[in-house]
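Bear in mind these aren't lab numbers, they're just calculated from the coordinates by the rules spelled out. None of the values given here were measured: they were computed from a predicted structure. Positions of Cβ are generated from backbone atoms using ideal geometry, with glycine treated the same way; all protein chains shown enter the neighbour counts.
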Amino acid sequence: MSLGNATVKPHERLAAALASELAEVNTLIKDRMASKHAPRIPEVTAHLVEAGGKRLRPMLTLAAAKACGYDGPYHIHLAATVEFIHTATLLHDDVVDESAQRRGRPTANLLWDNKSSVLVGDYLFARSFQLMTECNSMRVMHILSGASATIAEGEVLQLTAAQDLATTEDIYLQVVRGKTAALFSAATEVGGVIAEAEPEITQALYDYGDALGISFQIVDDLLDYEGTGETGKNVGDDFRERKLTLPVIKAVAKADEAERAFWVKTIEKGKQADGDLEHAITLLKKHDTLAETRLEALDWAEKAKSALTALPESDIRQMLSDIADYVVARLR
């Protein structure tokens, strides 16, 4: 499956299968992002929520619940909760990264200011906790509150590890599990929990989300050096922001003295000049770290698909499997 020949992409098929539930989620999101006293809150939130994102994370919650036979109302609340947590982290991330663009549009911190982005992000976190309490499940609250803490922890860890050449692949994986995979795994796990699925099923859903999130982030990091206009990823953003991602970590481990000096200059010290990005890509290709990173992304996608075998066969299960393929299809 490639981006070019997939006429209907897996997340689009899943969205079609969940159309009525997604409509309810969107209605709930619009209702709960309202503010009687602070009109800037819905302004800032709407700018990001309505920017055309795929709603992948809330879809995973809906799909997980549906795959487990759930027919109650609370998967809608949980899907909206997951989207609020995701949106809050994006608002905060854009401030931390000093980003000017997201999903092809100016970021909220650019259109308004950093204070508004941070405070509206805080508001969305608070709203997410209100929503999750309405499900009357301590286990659900434990999973989603734990994921929120893990996300914040991962972001702080990245601050200290991103420009430190001593950062290992294990630390990188810990960062990825925090900043990306934690919400994927929580999104799928709570779908099984709200459906009162058997423990092995909820564990399988957690494992699927965890592996999918890791694969998703590795692919995203790889596209920073291999991306094209078709993928929507700007080549070199991570390099310019001095982020140590997996391809670079692998290259640093194989670097000779001159190559290490280059990474110290460009990543640790941030002294970048014209041609440095091209030289960085040359080093990544020299040591085959792009190819090695690609294999790791494919391996995590296979782990995600393998976890799904614990679920009963269904169209939804197949769509979830196809999404794992689609995540890595961005590399082709």
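Rounded to the nearest 500, what is the chain's calculated 222 nm mean residue ellipticity when only DSSP H runs of at least 4 contribute -39500 (n - 2.57) each, over all residues? Walk me through the intermediate numbers first.
Numbers: 17 runs with 229 residues, N = 332.
Computed ellipticity for the chain at 222 nm equals -22000 deg cm²/dmol.
Output the peptides 270-276, 10-16, 312-318 sorted from most to least packed, where packing is the average of other Cβ atoms within 10 Å over each peptide's residues.
Working: 270-276: 11.0, 10-16: 18.0, 312-318: 14.4.
Peptide ranking by packing, descending: 10-16, 312-318, 270-276.
Between residue 254 and residue 8, what FRET efficiency follows from the Cβ-Cβ distance if R0 is 35 Å, with the result rounded to 0.05? Mind showing how you got there, number by number?
Working: r = 41 Å, r/R0 = 1.18.
So, using R0 = 35 Å, E works out to roughly 0.25.
Along the Cα→Cβ direction, 7 angstrom out, place labels at residue 313 and residue 27. What is the inter-label distance in nm?
For residue 313 paired with residue 27, the spin-label model returns 3.6 nm.
Under the definition of Cα pairs under 8 Å and six or more residues apart, what whole-number percent is the relative contact order of the chain? Display every interim value, and only then the final one.
Numbers: 460 pairs, mean separation 70.1, N = 332.
21 percent.
Which residue, 110, 18, 328, has the largest displacement toward the positive end of the dipole of the chain when charges sit on each Cβ (Lys, Arg +1; Asp, Glu -1)?
Going by the Cα projections, it comes out as 110.
FRET efficiency for residue 282 and residue 155, Cβ-Cβ distance as r, R0 = 25 Å, nearest 0.05?
On the way: r = 31 Å, r/R0 = 1.23.
Calculated transfer efficiency: 0.20.
Mind jotting down the distance between the C-alpha centroids of segment 40-80 and segment 96-161, whole Å?
Segment 96-161 and segment 40-80 have Cα centres spaced 15 Å from each other.
How much length would be gained if the chain were fully extended between residue 16 and residue 129, taking 0.36 nm per residue of separation minus their Cα-Cα distance, in nm to one decimal? List each step's numbers first, then the result.
Numbers: separation 113, 0.36 × 113 = 40.68 nm, distance 2.81 nm.
Answer, rounded to one decimal: 37.9 nm.
Anything over 25 Å Cα to Cα? Flag those among 243/271; 265/286; 115/250, in the order listed.
Numbers: 243/271 13 Å; 265/286 19 Å; 115/250 37 Å.
With Cα atoms farther than 25 Å apart: 115/250.
Just to confirm the filter: which GluC sites (Glu not before Pro) across segment 158-209 are DSSP coil and have at most 15 other Cβ within 10 angstrom of their Cβ?
On the way: sites: 169, 189, 196, 200; in loops: 196.
Hits after loop and neighbour filter: 196.
Could you please state, rounded to a whole Å, how far the C-alpha centre of segment 302-332 is from the C-alpha centre of segment 166-230?
13 Å
List the relative contact order of segment 57-192 as a percent without decimals, with contacts defined as Cα pairs under 8 Å and 6+ residues apart. Present the calculation step by step, with values, prior to reporting the outcome.
On the way: 149 pairs, mean separation 49.7, N = 136.
Over segment 57-192, the number comes to 37 percent.
Measuring from label point to label point, each 7 Å out along Cα→Cβ, what is the residue 164 to residue 242 span in nm?
Each label point is offset 7 Å from its Cα along the Cβ direction, giving 1.5 nm.
Using a 7 Å offset from Cα along Cα-Cβ at residue 142, what residues in segment 39-75 end up with backbone N under 20 Å from the label point?
It comes to 65, 75, nothing else.
If each of residue 119 and residue 43 carries a label point 7 Å out from its Cα toward its Cβ, how far apart are those two points in nm?
That separation, rounded to one decimal, is 1.2 nm.
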